Structure formats: C-alpha cells, structure tokens
Amino acid sequence: MPNSTTEIIDSVTGSRRLRRNRRFDWTRRLVQESVLSVNDLILPIFLMEGDGTEEAIGAMPGISRYSVDRAVKVAQQAHKLGIPAIAPFPNVALDKRDRTGSEITNPDNLICQFVRAVKSKCPDIGVITDAALDPFTDHGHDGVLDNGIIVNDESVAQIVAGALRQAEAGADIIAPSDMMDGRIGAIRLALDEAGFQDVGILSYTAKYASAFYGPYREAIGTGGLLHGDKKTYYVDPANSEDAMREAELDIAEGADMLMVKPGMPYLDIVRRMKAEFGMPVFVYQVSGEYSMIESAAANGYIDGDRVMMESLLAFKRAGADGILTYHALRAAEKLNAAR
Ligand code: PBG
C-alpha cells in the first residue's frame, strides 16, 4: 500500500493542499494579502537643546536625541527615503519643567522651534506633534498634578494651549497622547476658532498603562521624575471595551485618525478598532518593543532585521493604516532596496 499515507491525507483534506500556493516565490507573492510599504511609516524623532548636538540614548541602541538643526537633517533623510511623516518628542531642559507643564505654551519651545525649522527646510514631510504635558512637567505626568491627582480639565486647558502653539508653528497634525477626557473636542474647537480648520487630529485613542514605555522615559528624561504610574488616565491592559468607548468618543469629538499604543501586545485592539469604526487606525510600536528587538538581535538570539520587518508587517495584517516606529529609517531603506 505505497499510497496509503497519501490516501489518508487526501481523505481528510478532500485533496485540498494549502502548500500548493506556498510552493514558489512567485506564488507566494501572488497570494500575499498584506503589504508593508514606506508609505506606512512615521518616524519619531527625539529633540534636545543645543546646536550640532547628538546624544545616544542608552536604553534604545541606535537611537539618539538631536538638537533642532540635526533633527531637521534626520527629517530630510526620512523624506528622501519616502517616509510620509515624522513625530518629534522633546527632552526639555529640567529648569523649564514645572507642575503644570507651562513650557508647552511657550511659542519658542523645543517642539515649536523644530516644527518651524523643518517646515522651512523640508516642507513636504508631514509633522505630527504631541500635545501631552509629560515632557514639560517636573513630575513626568501627562497632565497637571494637584495634590497627587492629575486634574483633567486644567490639563485639557494646558494641552489645548500647547496644541495651538504647535499649529501656529506649522504642525500638520496634533496628536495628543495624554488620555484626558474631552481633549479631542476641546482641541478641535480651539483649532477651528483660531482658523486652523485644516490641521488634523490623530488621537492616541487607546493608550494603555504599559511597562513597554520604559526606554522612552529615559529618552525624554522623565524616567527619574515620574512617581507612581499613569493608571488613573491610561487604559488598563486588561480592557478592550474601554478602548472601544474611547474610540467612540474621539470620533464624536472630531478625531481624524485613531491610534493604538503600544503595538505588538495590542494587535487585537488594532483589529477591533479598524473593524468597528472603519477609521484610519495607527499603531505605535513603542520604545520597549524597539529595545527588545534590538537587544535580542545584538545578542545574536534573533535576526534583528527580519524580526523588525515581520513585526511591522503584522501591524498591517492586524489592520493598521500606519505605524509609528523607531525602526522607520532602517525599514524604509530595506523596502526601497527591495523594490
Ligand atoms: C507620554 C508618552 C509616552 C510615550 C510617548 N509619549 C508614554 C509615557 O511615557 O508614559 C511612549 C513612547 C514610547 O515608549 O516609545 N505622553
């Protein structure tokens, strides 16, 4: 009975053999469902004061903070590679941080300086700015701290003021990452009243109270400042219904785009948000995800480039329209080389 195994397999599969489509590179290419392209990538850039300065970030191998002039060069490099947009995050001098994050309202703060510089030297790259207060507060929280409580409405007022300064500087999209209630509607109203109808809002809709943000806090210098955690305003990692309610509100308040953050542990949220709301959904592959891939690769445990590309493709498969990733430059280089 030389064919018995074949007969058994055919009898259970009904002759359906899924490996046929995987047989050749060309069949695999023909049946491939999700495609990652340079057009999907958003590059976060860390800013610092100074001129001609670059400082390596210990917890994020391969990533630096840059003075505005140098950061503009990075933006130009991203633009050359075809990356559609960048997202600056500032490491603000400690003496400019206070309880209410008032430096965010300074029209000449680090973010605004950078936005003006990049818009004059590289106007065609999208600039997406964060209006959360954490880079500007002396306690590292995203809002105003009052007797141990992050007070919602005062925080929103400050976030709105910051968003307006960013729009005036030339930001294309405001992306508040603070999770205060009502901030999307308040920002939309203020932008419209100030004549910024065309400035968009990318809401950090489902931002989870995650331990994956650790390296980022070193990058912007909030790690040593932050006491306690952000559980009273970020979403509980146990919850997905809460994230859907956040999306409903953000859409009603006028968000143009939604975001899920972190990325890889929350692919189910990306999938659900895309399916339930049909809005543009972005995902943030955060610092901890980046550093896990980089450190495992540096130890030779994984092939860093392949894991990087696989993780980015997984976001597309889950339904993401765009991906904020510290790997954007390297991924773009690989995608361009493969064309
Ligand atoms: C805070 C903010 C965080 C990140 C960007 N803005 C989270 C935090 O520090 O709590 C995380 C980004 C990353 O980890 O890559 N508004």
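Roughly what % antiparallel, to the nearest 5, for the DSSP beta bridges in the stretch 1-140? So the antiparallel bridges in the stretch 1-140 amount to around 20 percent. Our summary gives the chain a relative contact order of 17 percent, counting only alpha carbon pairs under 8 angstrom and 6 or more residues apart.
For the chain, the direction-averaged projected area of the alpha-carbon convex hull comes to 20.5 nm².
The lysines whose alpha-carbon is closer than 17 Å to the alpha-carbon of residue 73, local same-chain residues fewer than 8 away aside, are 119, 121.
Considering only the chain, what is the antiparallel percent among its DSSP beta bridges, to the nearest 5? Restricted to the chain, the bridges split so that about 15 percent are antiparallel.
Think of a 1.4 Å ball rolled over the protein heavy atoms: the stretch 1-92 then has 62 Å² of accessible area per residue. Ignoring aspartates and glutamates fewer than eight residues from residue 316 along the same chain, the ones with Cα atoms less than 20 angstrom from its Cα are 33, 40, 256, 268, 276, 289, 305, 333. Loop-resident trypsin sites (Lys or Arg not before Pro) (DSSP state other than H, G, I, E or B) in the stretch 24-100 with no more than 15 further Cβ atoms inside 10 Å of their Cβ: 99. The largest-to-smallest principal axis extents of the Cα set in the stretch 118-234 are 38, 29, 24 Å. Protein heavy-atom accessible surface, 1.4 Å probe, per residue over the stretch 284-339: 43 Å². Along the charge dipole of the chain, which of 284, 203, 38 sits closest to the positive end, that is, farthest toward it, with unit charges on the beta carbon of Lys, Arg, Asp and Glu (+1, +1, -1, -1)? Towards the positive end, the residue furthest out is 38. In loop segments of the stretch 190-288 as defined by DSSP, the trypsin sites (Lys or Arg not before Pro) with at most 15 further C-beta atoms inside 10 Å of their C-beta are 231. Considering only protein heavy atoms and a 1.4 Å probe, what is the carbon-and-sulfur percentage of the accessible area of the stretch 37-338? The nonpolar share, carbon plus sulfur, comes to 51 percent.
The values are calculated or read from the model by the stated rules, or taken from the named source; none is laboratory data. Note that the structure is a prediction, hence the values are computed from the model and not measured. We place every Cβ from the backbone using ideal geometry, glycine too, and count neighbours over all the protein chains shown. Just so you know, the surface numbers come from the protein's heavy atoms only, side chains and all, with ligands and any DNA or RNA stripped out. Shrake-Rupley method; radii C 1.70, N 1.55, O 1.52, S 1.80 Å.
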